[in-house]
1. Out of the residues in the range 72-99 that are in contact with a helix residue (DSSP H, G or I) (Cβ under 9 Å, 6 or more places away or on another chain), free of Cβ contacts under 8 Å to residues at least 60 places away in the same chain and not acidic (Asp, Glu), state the one that is nearest to LYS59 (Cα to Cα).
2. Would you mention how many residues in the range 57-76 are assigned to a loop (DSSP other than H, G, I, E, B) and farther than 19 Å from ASP14 by Cα?
3. Can you pull out the residues in the range 1-10 that are in contact (Cβ under 8 Å) with a residue 24 or more places away in the chain and either closer than 17 Å to GLU111 by Cβ or exposed (fewer than 10 other Cβ atoms within 10 Å of the Cβ) (or both)?
4. Please go through the range 11-41 and pick out each residue that is surrounded by 15 or more Cβ atoms within 10 Å (Cβ to Cβ) and either at pLDDT 95 or above or among the hydroxyl-bearing types (Ser, Thr, Tyr) (or both).
5. Filter the range 43-82 down to the residues that are loosely packed, with under 15 Cβ neighbours inside 10 Å and basic (Lys, Arg) and list them by number.
6. Pull up the range 1-29, narrow it to residues that are of a type outside the set (S, T, N, Q) and outside any loop (DSSP other than H, G, I, E, B), then point me to the one that is nearest to GLU123 (Cα to Cα).
7. Can you tell me which residues in the range 103-123 are crowded, with 16+ Cβ neighbours inside 10 Å and among the hydroxyl-bearing types (Ser, Thr, Tyr)?
8. Being in contact with a helix residue (DSSP H, G or I) (Cβ under 8 Å, 6 or more places away or on another chain) and among the aromatic types (Phe, Trp, Tyr) is the filter here; which residues of the range 1-56 pass it?
Amino acid sequence: MVQIWCMETYPTGDPRLPHHCYPPKKLIPDELSKRTGTTYYKLDLDDPVASARRIAVMKLERSFKREDTFTLDAASTIDFEEKLADLFEEVESIEDQARLITEGAAYFDVESYNGDWIRILCEYGDLIIIPAGRPHRMTTTSKNFVKIRRFFKEETD
């Protein structure tokens, strides 16, 4: 099951650590949606028919027209530390962001409507959709490996 929690107000040190607030405040996917607009789904990637159906519905509902696979691996990614630092910079996208973890794990941080940060530990089969205009960032876990299937609205030429 996905793990979601409120982050400490001023996280310091390695972003690949959990950074729970104290006392820890865990959330459920419905609370994540209410606080950030982010939607969470658990896909059974071992059932290709069911997962393909869920992805097709999501792509149709959200008008996602293209996708790619992004791998971040400390053992093989050139300039891994730089890429990690870039991904941990807060961004706001002009379109919805959908991310499906197909291998490894990653933390996605999403700013709530009241300015707090919510951390989502996404692992195999976890799909999140971050709405357009919502500040967010990501990093790997301390295992330094994640493979993500990313979905986009715009097609490239």
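The values are calculated or read from the model by the stated rules, or taken from the named source; none is laboratory data. Quick caveat, the model's predicted, so the values are computed rather than measured. We place every Cβ from the backbone using ideal geometry, glycine too, and count neighbours over all the protein chains shown.
1. Ranking the qualifying residues of the range 72-99, first place goes to ALA98.
2. The total comes to 4.
3. MET1, ILE4, TRP5, CYS6, MET7, THR9
4. LEU27, PRO29, GLU31, LEU32, SER33, ARG35, THR36, GLY37, THR38, THR39, TYR40, TYR41
5. ARG53, LYS65, ARG66
6. So the residue we want is ILE4.
7. TYR107, SER112
8. Selection gives TYR40, TYR41.
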